[in-house]
1. What do you reckon, is S249 buried (at least 20 other Cβ atoms within 10 Å of the Cβ), within 17 Å of the chain's Cα centre (by Cα), in a loop (DSSP other than H, G, I, E, B) and polar (S, T, N, Q)?
2. Hey, any hits in region 365-381 for a residue that's farther than 19 Å from F184 by Cβ, in a helix (DSSP H, G or I) and either without any contact (Cβ under 8 Å) to a residue 12 or more places away in the chain or charged (D, E, K, R) (or both)?
3. Which number in (1) of a type outside the set (K, R); (2) buried (at least 22 other Cβ atoms within 10 Å of the Cβ); (3) more than 24 Å from C370 (Cα to Cα) marks the one condition that G206 misses?
4. Any residue at all in region 270-293 that is among the small types (G, A, S), in contact with a Ser or Thr (Cβ under 6 Å, 6 or more places away or on another chain) and not in a loop (DSSP other than H, G, I, E, B)?
5. Let me confirm something: among L346, L299, L321, which residue is part of a strand (DSSP E or B) and either outside the structural domain of F108 (by TED's automatic domain parsing) or closer than 30 Å to F115 by Cα (or both)?
6. Kindly provide the set of residues from region 128-148 that are within 21 Å of L105 (Cα to Cα), of a type in the set (V, I, T) and without any contact (Cβ under 8 Å) to a residue 60 or more places away in the chain, ordered by number.
7. In region 252-269, what residues are outside any helix (DSSP H, G or I), without any contact (Cβ under 8 Å) to a residue 40 or more places away in the chain and surrounded by fewer than 19 Cβ atoms within 10 Å (Cβ to Cβ)?
8. For region 265-281, state whether one or more residues are of a type outside the set (D, E, K, R), out of contact with any Gly (no Cβ under 8 Å at 6 or more places or on another chain) and farther than 26 Å from V178 by Cα.
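The values are calculated or read from the model by the stated rules, or taken from the named source; none is laboratory data. Just so it is clear, the model here is predicted, and its values are computed rather than measured. Glycine also receives a Cβ, built like all others from the backbone with ideal geometry; neighbour counts cover every protein chain displayed.
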Amino acid sequence: MESSMKKALVERRSRLKFLSMRRRETIRKTIMEKQMEIQRHIRRRMYILNNMKRCLHTFQTASNSTSRSSIHSKPLSPLTPYSLAEIKSDWWERVVMEFQPQDWLNTFHLSKDTFYQLYDKLRLIKGIPTYHISLEKCVAVLLLRLATNLDYHSIGDLVGTSSATVVRCIQELCNVIVTRLKPFYIHHPNEQELEEMATVFNTLWGFPHCVGVIDSLHISVKSQSRTSDSWNSKEWPSVVVQGVVNGHSQFWDVRVGFPGSTDDWALLQGSELWTLAKEKGLMPQTPCKLMGQPLGYVLLGDAAFPLQSWLLKCYPESSQLTPQQRAFNGKIIHARTPIEGTFRRLKARWLCLKRNNSHAALIPLMTQACCVLHNMCERNSDPCMEKWLEETSQGLPQPSDVAPVCLDDSDGEVVRSLLCDYFHQLPESQQQGSAHPPTMPLDLADPRPGTHSECSQAVNVLTALE
């Protein structure tokens, strides 16, 4: 009798303990959901506030520029209907044409030279509809939307046209940039270009046989349904951009338009890049040798990608890693700097990539157009301002996926071990330099202000001394 009572008491205690744990878990989940809801509400408020600030800043720039002309004796207030009417009546003819270099950067996030380089290329393409406004204004409309993320109505007020015309201009120019200009700025390299890329990458980042770095970026979009596949692992709706950049932080492969729930490795496996690499497209006809072993060109990825003979990533973190393997991981992390800087500048220069509320069909076109324009700006050494970088530094957390181990290729482990041994046999001074960029020749320098690379700082110092 006593034993049965003890047994019942133990069962009762176990039951109460289980119910208590479940109750605590329910409370914890409820609190987390409330916190996430509050954070989403705050982010939405901040987004609206920043959008209003950008709109005010654009109008103020236009007003200040107009005030420098002989037509207005004093600056126009950007908040009054009268001033807005004055601005949109001559915004291009009298305001933009009097922009100083800094005004071009503040308004369009690129230089005047790059603006007209884009205009000249588009001008040579016949059949671009401009909907009763000049092609120059169409280019301005597109860049205002991409760079400042202003709403269509505000952009229409600036150029003196309807919001419907603004939308059509953006759609047409994005389509032309992607279909006609993208092949000149973003394309798979031929064998000679691969050789040049490998040389530049080894010179700048100290990793031999590497022709690029691959990674993905999630862009925040609006989603009506919480069950939509656009919601990523960090619990916010997005579309994925997967890109490969060279040592100069310029794209040579881009995939856009996939829902946020898509894994990085799945996106890669369905790409032309995967097919190209599997068909030995990254293997030169006469493979170069490393430590006496023939070795093709490689890309560098993170844990979200499968290990392949042409795609390397760090050794998984473990207490059993050797010092050589840890040093190799340091080399990989350092050599991935170009893609991190590229995505940071891409979001900072084109604020439509911070949160894009456009129609779902337009977002992939806008994103690809941003990547093409990024390459144009990088080639022209257009500065990326520090204040742009600061504005995008507090964005939503990026998802971090891990590719299944079953996707790893044994040949990839052979290549990784070969490069690990290669770095280990280097002089100790070069091994210790993995945390710092190697010395860079002046003709390969990255002169952009706002770039935090120590290479750029060193080159700027040398230039100043000269």
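1. Details: buried (at least 20 other Cβ atoms within 10 Å of the Cβ): yes; within 17 Å of the chain's Cα centre (by Cα): yes; in a loop (DSSP other than H, G, I, E, B): yes; polar (S, T, N, Q): yes.
When the stated conditions are applied, S249 passes them.
2. No, the conditions are met nowhere in region 365-381.
3. The failed condition is (2).
4. From region 270-293, those among the small types (G, A, S) are 270-271, 277, 281, 292; that's our starting set.
This time we only want the ones that are in contact with a Ser or Thr (Cβ under 6 Å, 6 or more places away or on another chain), so: none.
So far as region 270-293 goes, no, none of its residues is among the small types (G, A, S), in contact with a Ser or Thr (Cβ under 6 Å, 6 or more places away or on another chain) and not in a loop (DSSP other than H, G, I, E, B).
5. Matching residue, one of L346, L299, L321: L299.
6. V139, V141 - these are the residues of region 128-148 that are within 21 Å of L105 (Cα to Cα), of a type in the set (V, I, T) and without any contact (Cβ under 8 Å) to a residue 60 or more places away in the chain.
7. Scanning region 252-269 gives P259, S261.
8. No - not one qualifying residue is present in region 265-281.
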